[in-house]
Amino acid sequence: MPHWPASAGQFFYEVRKMKRKRLPLHNNKWVRRIHAWAGFATLTLMLLYGLTGLWLQHRAVLPLPGPHTEKSSEEIVLSTPLASPDELKALLQRRYADMFEEGRPQITPPQTLPTPDGPLTLPARWELRGVTLSQSVAASYVEGTLLVRTELQQANVAASLNRLHRGMGTGLPWQLVGDLAALAMLLLALTSLLMWNKLHGPAARGIALLLLGALVTVLVALL
């Protein structure tokens, strides 16, 4: 005489076992490895972003030194007018090394304005800006003149960290590192979702927390 309860129990056990084998993402070793590798590989960068973010966010209410720049200005007298924005860029590169390698001149075209004595035509204006972590230079030139005006800003440590946090004056390598950090954060978020059932509870609770966090984020951003 067959033992139906034992056979039925064994059958359902095998079904549950097959389901677990079919989609074991919550307990997959590669999910856990990706989560750990992404976290450790970007740990220093995440700490840097977190500390500088807290510093910059609360510097107005806490006794923390804020970003500060020392400003100065210079004038470059020319012997002949510059013929093109490229000549302006070459002149600035010679005077301020490694400052204007990636900068693009911004050109304001000539403008004609009405005056009591008749129309007045303003020459074109060329502007160029170079930024590094420690300093920045903004140059302007009016077409046809013999003078280039520059404004210099020397950044303190807090201002340099602010630029580092925002990716200003850092160059291509830091931008690539920032992109890798963003991808790592996406991997951390996705692998955390996959591991939720195994570590913390049912999927419904995780979905509810996810929706609640998204709602709070949107409401805070809009207020």
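The values are calculated or read from the model by the stated rules, or taken from the named source; none is laboratory data. Remember, it's a predicted structure, so these values are computed and weren't measured experimentally. Surface areas here come from the heavy atoms of the whole protein model, side chains and all, with no ligands, DNA or RNA. Shrake-Rupley method; radii C 1.70, N 1.55, O 1.52, S 1.80 Å.
General observations
- Mean accessible surface per residue for the range 63-126, computed with a 1.4 Å probe while every protein chain stays in place, in Å²: 76
- Protein-only accessible surface order, largest first, of Arg32, Arg149 at 1.4 Å: Arg149, Arg32
- With q set to 0.11, 0.22, 0.23 Å⁻¹, the log10 of I(q)/I(0) for the range 46-121, from the Debye formula over equal scatterers at the Cα positions, is -0.66, -1.05, -1.09.
- Surface accessible to a 1.4 Å probe, Glu102 within the full protein complex, Å²: 140
- Scalar couplings 3J(HN,Hα) for the range 46-53, obtained by applying the Karplus form with A = 6.51, B = -1.76, C = 1.60 to θ = phi - 60°, are 5, 4, 5, 4, x, 5, 5, x Hz; x denotes Gly and Pro.
- Proportion of all alpha-carbon pairs of the range 68-223 beyond 22 Å (%): 64
- Element breakdown for the range 80-223 at a 1.4 angstrom probe: carbon and sulfur atoms account for 64% of the accessible area.
- For Leu122, the residues 5 or more places off, or on other chains, whose built amide H falls under 5 Å of its own are Gln111, Thr112, Leu113.
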